[in-house]
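Notes to accompany the following structure.
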Amino acid sequence: MAYGQQEKKHRDDSEQPELIERLVGINRVAKVVKGGRRFGFAALVVVGDGKGRVGYGHGKAKEVPEAIKKATDQAKRKMIRVPLREGRTLHHDVFGKDGAGKVFLRSAPAGKGIIAGGPMRAVFEVLGIQDIVAKAIGSNNPYSMVNATFAALKDTQSPRHVANRRNKKVSDIVSNREVGMTTLAADAGE
């Protein structure tokens, strides 16, 4: 390898942010053929940078490592950006649905932690969320849960985006949110 090529390769590695990968599930699948069964493997992987970008992928192959590699490559291609409040939770509560899988995601105060099960927890960890309360309703199939979680995350909007759409200031949107929260707290106390 020439010096210039090595230098270029090193530069590309430094530009790529460090990604966190989580294996959500592996399934052994069988194909029945004339001589018996042929086994293969299907892998579901989530990838994120811990700073608001996350993606998921599904890969199938004859061997487990190859299936995981295919799923990881697909996850890196399908990454989305999710707006986070203070870099630790969602801006608002959101509902997501995919087939029979339904999830409800709620923003949480600092120190609450990730209260979510199975595949949803993996998505939140690689996304960089530290405080969230999530509930899976309906199917507990990992594929449905991950798809529903991503459907919900795609629906989240930052106050800046909402303010631009409504031609208002960000402070107006955020102050309304705080007023609404105090009203809800007061109503719950009565």
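The values are calculated or read from the model by the stated rules, or taken from the named source; none is laboratory data. Nothing here was measured: the structure is a model prediction, and the numbers come from that model. Don't worry about glycine lacking a Cβ; one is built from the backbone with ideal geometry, like all the others, and counts go over all protein chains shown.
Results for (1) aliphatic (A, V, I, L, M); (2) in the same structural domain as Ala43 (by TED's automatic domain parsing), shown as yes or no for each residue.
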residue	(1), (2)
Gly57	no, yes
Ala75	yes, yes
Gly87	no, no
Gly96	no, no
Ser107	no, no
Lys112	no, no
Ala122	yes, no
Ile137	yes, no
Based on what the data block shows, is Ile20 of a type outside the set (Ser, Thr, Tyr), loosely packed, with under 15 Cβ neighbours inside 10 Å and in contact (Cβ under 8 Å) with a residue 60 or more places away in the chain? no
Considering each of Val29, Val64, Val54, Val33 in turn, give the residue that is of a type in the set (A, V, I, L, M, F, W, C) and either within 25 Å of Ala110 (Cβ to Cβ) or under 11 Å from the mean Cα position of the chain (by Cα) (or both). Val54
Filtered residues of the stretch 118-161 (kept if modelled with pLDDT under 90, crowded, with 18+ Cβ neighbours inside 10 Å and in a helix (DSSP H, G or I)): Pro159
Restricting to the stretch 93-111, and then to whatever is touching a strand residue (DSSP E or B) at 6+ places or on another chain (Cβ under 7 Å) and over 25 Å from His58 (Cα atoms), can you tell me which residue is surrounded by the fewest Cβ atoms within 10 Å (Cβ to Cβ)? Asp93
Residue check for Lys102: charged (D, E, K, R), without any contact (Cβ under 8 Å) to a residue 40 or more places away in the chain and outside any loop (DSSP other than H, G, I, E, B): no
Condition met for Gly52 (buried (at least 17 other Cβ atoms within 10 Å of the Cβ) and touching a Gly at 6+ places or on another chain (Cβ under 9 Å)): no
Could you tell me whether Gly180 is closer than 22 Å to Leu23 by Cα and at pLDDT below 90? no
Inspect all residues belonging to the stretch 35-42 and state whether any of them is modelled with pLDDT under 95, surrounded by fewer than 17 Cβ atoms within 10 Å (Cβ to Cβ), under 28 Å from Lys135 (Cβ atoms) and of a type in the set (Gly, Ala, Ser). no
